[in-house]
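This report concerns only the one structure given below.
The values are calculated or read from the model by the stated rules, or taken from the named source; none is laboratory data. As the structure is a computational prediction, the values presented were derived from the model and not from experiment. As a convention, Cβ positions derive from the backbone with ideal geometry for all residues, glycine included, and neighbour counts pool all protein chains shown.
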Amino acid sequence: MDKILLSHGGGGKLTRKLEELYLTYFENEKLRELDDGAIFDGYAISTDSFVVNPIFFPGGDIGKLSVCGTVNDLVSMGAKPVYLSLSFILEEGFLIQDLERILWSIRKTCDEAGVEIVTGDTKVVERGKGDGIYINTTGIGKVLMPELSRERIKPGDLILVNGPVGMHGISVMVAREKLGIEGKIESDCAPLTFLLSLPPGVQFMRDPTRGGVASVLNEVVKGMEWGVVLYQEQIPVTPEVSGVCELLGIDVLTVACEGRMLLFVEREKADEVLQGMRRHPLGKESTIIGEVVDEPGVVLLKTPFGTHRRIEPPPGESLPRIC
């Protein structure tokens, strides 16, 4: 394949191939981990770019998304977000009133997350060459949970999630395609800093954005001496999201979330951690969805019939421009 495809940005198998290309030129100890960021001298840094279409969607907009995406990446590394950089690429003709609406949303979300914007940049491109607006944010956070590591995960640990999955990707798709679906479907987009105050027992965290739960779990188990089993009946999905996925033939486990976190927790401490999550509004629907098993590198789904099927990462981009 000699050209970049849209699916290279989808968080699936083609994204992994692109990451391998980057490592060919830039490989070092920290980058080789292909984590959501890097940790150094007690601080974490993460950067991300956002190209969602449409830029305003039920439950959020590109501004809120840009803050939540970077904040949650820092949280997943056990770091309290402190500072953000904010950069815009604006297309000539973009409405000032839309920019102000986005700026207000960014400010509101920063206040919720307890983070400050301390530097930034703006570039303007010719009409027709920028898709309206792109945003890049880079975040720096103070590491509060240095013990978090994929290496700490072991068979018997449980997997928790703080609410229904798939809501962000489906809300964006419904808004973009004007599907006219009955029922309220809103993005789960939210900053998850409350997770930094949970009781002890959390081994590792990762937010299921591009490629959803399926992509993230396949990344986590890669090269490990253990795998994971998810229990289909315990995975929270709203009826509206489930209905759209069934209608369009989409596996909800491959749909992006922007306000959800997967937590690997020691079995004996899982109940205490779960109750801690449920005490916060953004975690009131938290539940246990699976466990770590002694089967190297596999991600399995246990169906209500007791059978198992392998969960693969999405091969490409089924939901373009959602994060």
Just checking, does the range 249-266 include any residue being of a type in the set (D, E, K, R), over 22 Å from GLY69 (Cα atoms) and not in a loop (DSSP other than H, G, I, E, B)? no
Being part of a loop (DSSP other than H, G, I, E, B) and more than 16 Å from PRO236 (Cα to Cα) is the filter here, so list the residues in the range 190-208 that pass it. ALA190, PRO191, LEU192, LEU198, PRO199, PRO200, GLY201
Please determine whether any residue of the range 288-307 is closer than 25 Å to SER66 by Cα and either modelled with pLDDT of 95 or more or assigned to a helix (DSSP H, G or I) (or both). no
Flagged pairs (Cβ under 9 angstrom, 6 or more apart or on separate chains; first in the range 263-280, more than 15 Å from PHE204 (Cα to Cα); second surrounded by fewer than 15 Cβ atoms within 10 Å (Cβ to Cβ) and of a type in the set (Ser, Thr, Tyr)) are GLY276/SER197; HIS280/SER197
For residues in the range 158-189 being under 14 Å from MET277 (Cβ atoms) and out of contact with any Pro (no Cβ under 9 Å at 6 or more places or on another chain), which is surrounded by the most Cβ atoms within 10 Å (Cβ to Cβ)? ASN162
Taking the criterion of being assigned to a strand (DSSP E or B) and surrounded by 12 or more Cβ atoms within 10 Å (Cβ to Cβ), would at least one residue in the range 91-106 satisfy it? yes
Out of (1) assigned to a helix (DSSP H, G or I); (2) over 24 Å from LEU198 (Cβ atoms); (3) among the polar types (S, T, N, Q), the one ASN53 does not meet is (1)
Conditions (1) in contact with a Leu (Cβ under 6 Å, 6 or more places away or on another chain); (2) under 21 Å from ASP48 (Cβ atoms) -> VAL124 fails only (2)
Restricting attention to the range 1-33, report how many residues are in a loop (DSSP other than H, G, I, E, B) and within 21 Å of LEU253 (Cα to Cα). 3
Matching residues in the range 122-178 (outside any strand (DSSP E or B) and either out of contact with any Lys or Arg (no Cβ under 7 Å at 6 or more places or on another chain) or free of Cβ contacts under 8 Å to residues at least 60 places away in the same chain (or both)) number 32
Is it the case that some residue within the range 263-280 is at pLDDT 95 or above and within 30 Å of ARG176 (Cβ to Cβ)? no
Find the residue count for the range 113-131, including only residues that are buried (at least 17 other Cβ atoms within 10 Å of the Cβ) and at pLDDT 95 or above. 2
Of everything in the range 99-144 that's of a type outside the set (Ser, Thr, Tyr) and over 25 Å from the mean Cα position of the chain (by Cα), which residue is nearest to ASP36 (Cα to Cα)? LYS123
Within the range 95-105, is there a residue that is assigned by TED's automatic domain parsing to the domain that holds TYR43 and at positive phi? no
Residues of the range 59-90 classified as of a type in the set (Lys, Arg) and either in a loop (DSSP other than H, G, I, E, B) or more than 15 Å from the chain's Cα centre (by Cα) (or both), total: 1
Out of the residues in the range 35-92 that are hydroxyl-bearing (Ser, Thr, Tyr) and more than 22 Å from VAL143 (Cβ to Cβ), state the one that is modelled with the lowest pLDDT. SER49
Reported set for the range 190-231 where residues are among the charged types (D, E, K, R), at pLDDT 95 or above and farther than 16 Å from ARG152 by Cβ is ASP207
